[in-house]
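Okay, so here's the structure we're looking at.
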Amino acid sequence: MEKAKVRLLGLSLAHRKGRNTAWMVECALKAAEKFGRKVSDVAHVETEFIDLAQKKVEMCWECPDYPCRPRLGEGGYLSHDFGCPITEDYLAIKVMPRVAEADGFIFGCPVYNGTCTSQFMIVMERLRAGIWKGYFTNKPAGAVCTATMNLAGQESLLQQMNNVIRFLEMIPVAAGLGAVSIAGLPYGPLAGEDDGKTIGVKNDKYGQWQAVCVGRRVAEMAVMIGLAKQQLGQRYTEEFARYYAPPHGDDSWAWFNLDSEDEEYLMNLTPATFRG
Ligand SMILES: Cc1cc2nc3c(=O)[nH]c(=O)nc-3n(C[C@H](O)[C@H](O)[C@H](O)COP(=O)(O)O)c2cc1C
């Protein structure tokens with residue numbers, strides 16, 4: 001059997017470079033690599049980490065006419081790769097090509113005001129352009145987060161991150177909702193005593209354990225999907241419906257229609273004629 005090549009991309013969407021969120025993402029990626037070594041006879045798992053802290057990323061302005069969207073019957077997709085007309089910023093140059101090639105993702109974000117950072121939303125809104133190409137479809141993704149305090153918005157942040165993951169057609173995977181961690185007391189400094197270097201989550205063993213679960217689950221799923229895609233070959237790209245990037249060419253969303261006998265069956269159903 002040919003080995004599946006699986007590339008996992010970790011993105012840290014905190015505003016501070018190389019701190020608690022970044023560490024949680026790296027922890028998940030290291031767990032993914034460990035799993036990769038276990039299945040190295042069937043898959044080659046590699047990971048990449050990008051810290052988006054302090055990177056200037058332009059917002060999505062929902063351009064008139066959606067240039068990122070394929071034009072059905074009008075020549076299809078934009079020629080440039082990701083489809084987003086903003087092509088000059090860090091996201092477009094450094095991140096989008098890596099996203100397009102990735103087979104699975106770890107997203108890290110700290111809790112800001114009980115929710116995600118502006119960077120998380122800006123990046124995710126811009127990345128949405130790739131949905132029309134199927135760059136997210138059927139790719140597993142896990143969420144890891146951190147906050148200064150306990151019970152300080154981590155769980156609702158993970159729900160929100162998982163919503164975004166779903167809306168981009170990725171497959172959310174984790175043990176539970178994802179990984180929760182605490183950067184402040186008892187593991188790290190009080191908010192007002194931060195020395196700018198300490199990574200409190202290193203001492204949060206539950207946080208670490210959850211990040212390991214997330215990384216491992218993403219890797220497991222990516223390997224399974226990679227092997228399945230390999231087995232399916234062309235059939236995957238030709239037959240498997242990707243809602244935003246339909247497989248049947250530019251001119252047809254016909255997969256959306258049911259077969260006529262099934263359509264007829266459904267239309268003729270009455271309370272007395274259901275199967276069950
Ligand atoms: C604007 C802002 C809002 C924040 N909101 C919260 C919050 O709601 N709950 C919390 O526990 N920590 C909050 N924090 C603290 C961050 O979650 C914390 O510093 C975290 O460690 C940042 O991630 P990093 O260490 O990767 O930079 C906030 C920080 C900032 C700057």
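For Ile106, the residues whose modelled amide H falls within less than 5 Å of its own, excluding neighbours fewer than 5 places apart on the same chain, are Leu9, Gly10, Leu11, Gly142. The 3J(HN,Hα) values that the Karplus relation (6.51, -1.76, 1.60; θ = phi - 60°) gives for segment 85-90 are, in residue order, x, 7, 10, 10, 9, 4 Hz. Gly and Pro appear as x.
Here the label points at Glu125 and Lys38, each 7 Å from Cα along the C-beta direction, are separated by 4.0 nm in the simple model. Pairs of Cα atoms nearer than 8 Å and 6+ residues apart set the relative contact order; for segment 4-268 it is 24 percent.
Rank by packing, highest mean first: peptides 5-17, 226-238, with packing defined as the count of other Cβ atoms within 10 Å averaged across residues.
Those peptides, ordered most packed to least, come out 5-17, 226-238.
The modelled label-to-label distance between Met224 and Lys56, using points 7 Å beyond Cα along the C-beta direction, is 4.4 nm.
Cβ neighbours within 10 Å, averaged per peptide: list 85-91, 144-150 in order, most packed at the top.
Ranked by mean Cβ neighbours within 10 Å, highest first: 144-150, 85-91.
With 0.36 nm allotted per residue and the present C-alpha distance subtracted, the Phe167-Glu264 stretch has 31.8 nm of extension available. Coupling constants for segment 19-29 follow from the phi torsions by the Karplus curve (6.51 cos²θ - 1.76 cosθ + 1.60, θ = phi - 60°), and in residue order they are 10, 5, 5, 4, 5, 4, 5, 4, 4, 4, 5 Hz; glycine and proline get x.
Charged neighbours of Leu168, selected by a Cβ distance under 10 Å, balance to +2 (K, R count +1; D, E count -1). Taking amide H positions as modeled 1.01 Å from N, with prolines and chain starts lacking one, the residues under 5 Å from Tyr112 and 5 or more places away or on another chain are Thr117.
Sorted into 10 angstrom bins from 0, the C-alpha pair distances of the chain split as 7, 26, 30, 21, 11, 4, 1, 0 percent. Only lysine pairs 8 or more places apart, or on different chains, with alpha-carbon atoms under 15 angstrom apart are counted in segment 1-145, and they number 8. A full extension of the chain between Trp209 and Ala100 corresponds to an added length of 36.4 nm, given 0.36 nm per residue minus the alpha carbon distance.
Throughout, read-outs are computed from the coordinates displayed, never taken from laboratory work. All figures in this text were calculated on a predicted structure; none of them were measured in a lab. Note that we place each Cβ from the backbone using ideal geometry, even for glycine, and neighbour counts take in every protein chain shown.
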